[in-house]
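Chemist: Handing you a structure now.
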Amino acid sequence: MTYDIGRTLADHERRLKNVEAQSRLKSAALDDTALVVRDSTGSLRGIVGQQGDGTTAVTIVNGGPPPTPATPTAAPALGGVSAGWDGLFADGAVIPLDWARVEVHASPTDGFTPDAESLVATIETAQGGIVYIPATAPQYVRLLARNTSGTASPPTAQVGPYTPKPVAGEIGIGEITSTLIADGAITTPKVYANAITTGLLAAGAVDAVALKADAITGKTITGGAINGSVITGATIQTATSGARIVVDTNHLSVLSASSALLAEIAPTDSYGRSKFVTYKTDGSTQFYSALNAAALTFGITGTTAPSQEGRLSFSDLGGGSGIPYELSLSSGNKAGVAPAKLSLYSASTAAVEDSQAVLNADKVWATGVFRAGNIAAGSVAITPSAANTPTSVSVSGLAVKGNTLRAFVSIANPAPGYTGSSNGVTGVGFTNLTASGLTIWATRQNTTAVTVHWMVFGVDV
């Protein structure tokens, strides 16, 4: 049989086409060996097949570190702390295909470095999650990611510390402080009846808002302060005996150590006046002074009427065309004896000078110099121009008050018989009398100067 080379070539071509049409390694096998995967630099990245320990697996090695996870969230939990990861990465990085898990690390030490001791949990899903960390002390929390090669990412910034919430069995006496109780957490049903006693209330803790209207009746309030309240029908005193101040329903009293009345404020006194009164009670004679509406009055033991009191008072005398106001100073008096009284009156109108001071007394003494606007006096020296010739001197610059003026002139007579002698003064007089001055005349038997005294005064007649 002859060999047909053409047939043989055609058969090889057909079989080659069939081989090329099949999948790669369709009939390949790794018999007791492994397929090695390397990157473009020739570094080992994976082993598929028989491993060095005799197992068969796909092993990924030398992968680059994954991106840092996003900062974790954390919060206190019962008996520990909760920590969570939202499935995102820092700076918006995309999750790599060789990502394996996120590790949760916790420690009570500020600024700790994640290690095997701080690893408390892992989050195995790329969607993120929340884990519970049992703890008894405040915890700081950090995250880091690992890939299938076991390479770790840089850790996140730490958050915390977060204090675990105690569970019932772990709370000892005195361990629950105000910082562990939320505002509004203790409500009325949780407070046992009569459980809150005086010693448990802070000073000033119960104010007017917390007291029900009319809630305090028939009780004693000791110490402290009562602010912004109305107290009606009560007696308030600084002490029950000795020197004290007492406020009752009618007046305020100041009492001495022997309970003698020293002062009082009352709506009305025995004469129907509102008053503030002080008393001097030592000795056989007792004095009082009272300040009431428009008057300051003084009295002694035996005073039976307001007219007998010494007083400084102010009153309205009726207005109209009369004198409208009076300020009166009275000495007070015994019954049947007229008091000394000084009354000061104001002018009835702005243009009328009828202000008056009236003194009612049997006698008036002035121990010093008495001066008045309606009296002017002085002396002048007149040198006659010739013997037996009347000579005048004018006095001016006066301002004598009064509707009618009167004047008196006389010579300064050093001895009896000064007039009528050969050198005597034969006469003195005055002319041109006005409120501002007058002219004084003198006649002498020679030309020797003579001194003349003068007085001018005004009267309302």
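Readers should treat all values here as calculations from the given coordinates under stated rules, not as data from a laboratory. None of these values were measured; they are calculated from a predicted model. Cβ sites come from the backbone with ideal geometry, for glycine too, and all protein chains shown count toward neighbours.
Chemist: May I ask you to compute the full-extension gain from residue 247 to residue 274, defined as 0.36 nm times their residue separation minus their alpha-carbon distance, rounded to one decimal in nm? It would help to have the intermediate numbers written out before the result.
Modeler: Values: separation 27, 0.36 × 27 = 9.72 nm, distance 1.59 nm.
Contour length minus Cα-Cα distance gives 8.1 nm.
Chemist: Something else now. Please report the net charge: other residues with Cβ closer than 11 Å to the Cβ of residue 341, K and R +1, D and E -1.
Modeler: Working: positive: 311; negative: 326.
Around residue 341, the charge tally is 0.
Chemist: Amide H to amide H, which residues 5 or more places from residue 121 or on other chains are under 5 Å from it, using H placed in the peptide plane?
Modeler: 104
Chemist: Using 0.36 nm per residue of separation minus the Cα-Cα distance, give me the extension gain between residue 211 and residue 194 in nm, one decimal.
Modeler: 4.5 nm
Chemist: Work out from phi, with θ = phi - 60° and the Karplus expression 6.51 cos²θ - 1.76 cosθ + 1.60, the ³J(HN,Hα) of each residue of segment 245-259, listed in order in whole Hz, and give x for Gly and Pro.
Modeler: 10, 10, 10, 10, 6, 10, 6, 10, 10, 10, 10, 7, 4, 8, 6
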